[in-house]
1. Can you tell me how many residues in the range 51-66 are in contact with a Gly (Cβ under 6 Å, 6 or more places away or on another chain) and without any contact (Cβ under 8 Å) to a residue 12 or more places away in the chain?
2. With the requirement that a residue be closer than 29 Å to residue 45 by Cβ and more than 15 Å from the chain's Cα centre (by Cα), what does the range 133-168 give you?
3. Could you check the range 1-59 and list, in sequence order, the residues that are surrounded by 22 or more Cβ atoms within 10 Å (Cβ to Cβ), of a type in the set (D, E, K, R) and at pLDDT 80 or above?
4. Please verify whether the range 154-172 includes one or more residues that are at pLDDT below 90, touching a Ser or Thr at 6+ places or on another chain (Cβ under 9 Å) and surrounded by fewer than 19 Cβ atoms within 10 Å (Cβ to Cβ).
5. Of all residues in the range 67-91, how many are free of Cβ contacts under 8 Å to residues at least 40 places away in the same chain and of a type in the set (Val, Ile, Thr)?
6. Based on what the data block shows, is residue 194 under 22 Å from residue 150 (Cβ atoms) and either modelled with pLDDT under 80 or among the small types (Gly, Ala, Ser) (or both)?
7. Being assigned to a helix (DSSP H, G or I), without any contact (Cβ under 8 Å) to a residue 40 or more places away in the chain and surrounded by 23 or more Cβ atoms within 10 Å (Cβ to Cβ) is the requirement here; does residue 148 meet it?
8. Quick one: would you say residue 67 is of a type outside the set (D, E, K, R), surrounded by 20 or more Cβ atoms within 10 Å (Cβ to Cβ) and either within 18 Å of residue 230 (Cβ to Cβ) or at pLDDT 85 or above (or both)?
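The values are calculated or read from the model by the stated rules, or taken from the named source; none is laboratory data. As the structure is a prediction and not an experimental result, all values here were calculated from the model. Cβ placement follows ideal geometry from the backbone for every residue including glycine, while neighbour counts extend to all protein chains displayed.
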Amino acid sequence: MNWIEALILGLVQGLTEFLPVSSSGHLEIGKALFGIHSEQSLIFTIVVHGATVLSTIVVFRKEIAKLFIGLFKIEWNQETQFITKLLVSMVPVAIVGLFFKDFVESLFQSNVVFVGIMLLITAIILTLSFFAKSKNKEISFFDAFVIGIAQAVAVLPGISRSGSTIAIGLLLGNKKAKIAEFSFLMVIIPILGENFLDLIKGDFVSNTTVGALPLVVGFIAAFVSGLFACKWMVEIVKKGKLIYFALYCLIIGLLAIFFA
């Protein structure tokens with residue numbers, strides 16, 4: 001992987017991590033187009049995912065600070081409840097990560113047809129959410145767990161994590177702005193946790209041919225594009241225009257299937 005490919009893939013990751021079009025699916029398609037083997041670019045995938053987590057923290061820094069201030073009051077307030085709901089949402093993806101990690105990683109082998117099929121499923125989910133009638137209700141603990149299941153399913157390349165979690169939240173009748181915030185915050189700990197496990201296992205340095213320059217370029221590209229995409233996505237959810245991304249996923253999914 002050279003620095004130009006890293007720049008393009010970093011931009012793709014930063015934009016698609018927050019837009020409901022599946023960052024993992026687009027990364028796999030991009031790697032296939034560049035002839036990059038997934039098992040040789042694990043470190044790059046981890047680094048650009050870390051960059052988008054950092055951009056999430058920057059965008060929601062005020063909300064995160066407010067949550068911690070409320071948490072340290074040691075009382076069952078709104079902030080403590082919200083954090084608890086975030087933890088509940090992480091249970092399904094933690095189970096997948098602990099018991100099905102090898103199976104999931106086996107799917108990331110530049111299988112573009114599989115990615116295309118999953119993108120079609122993402123298009124269906126986004127379309128359903130477009131017709132959902134919002135009840136403008138707060139996220140409950142049950143909602144948090146169901147949204148967590150959606151996040152666990154979204155480990156499959158081609159299933160959009162942000163798209164599926166936000167869409168399920170909307171189908172459950174949650175407030176648009178709140179579900180967008182919840183969707184982006186709930187992914188921080190799982191990604192950081194996965195990166196930490198890969199670090200202590202040595203996966204950062206094993207089976208990789210990616211140099212330092214592509215990693216730096218990819219990180220910066222993913223971080224900067226992620227900042228813009230995250231802010232943009234919050235506004236898109238508020239306006240309820242996810243249907244356009246459903247059409248995009250439909251087109252890209254069909255192209256991936258028929259031209260793989």
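1. At the first step, the residues of the range 51-66 found to be in contact with a Gly (Cβ under 6 Å, 6 or more places away or on another chain) are 52, 55.
From what is left, the residues that are without any contact (Cβ under 8 Å) to a residue 12 or more places away in the chain are none.
Qualifying residue count, the range 51-66: 0.
2. Our first condition is that a residue be closer than 29 Å to residue 45 by Cβ; within the range 133-168, this holds for 144-168.
Within the range 133-168, 144, 145, 146 qualify.
3. Matches in the range 1-59: 17 only.
4. No.
5. Final tally of qualifying residues: 4.
6. yes
7. No; evaluated as a whole, the condition is false for this residue.
8. Numbers: of a type outside the set (D, E, K, R): yes; surrounded by 20 or more Cβ atoms within 10 Å (Cβ to Cβ): no; either within 18 Å of residue 230 (Cβ to Cβ) or at pLDDT 85 or above (or both): yes.
When the stated conditions are applied, residue 67 does not pass them.
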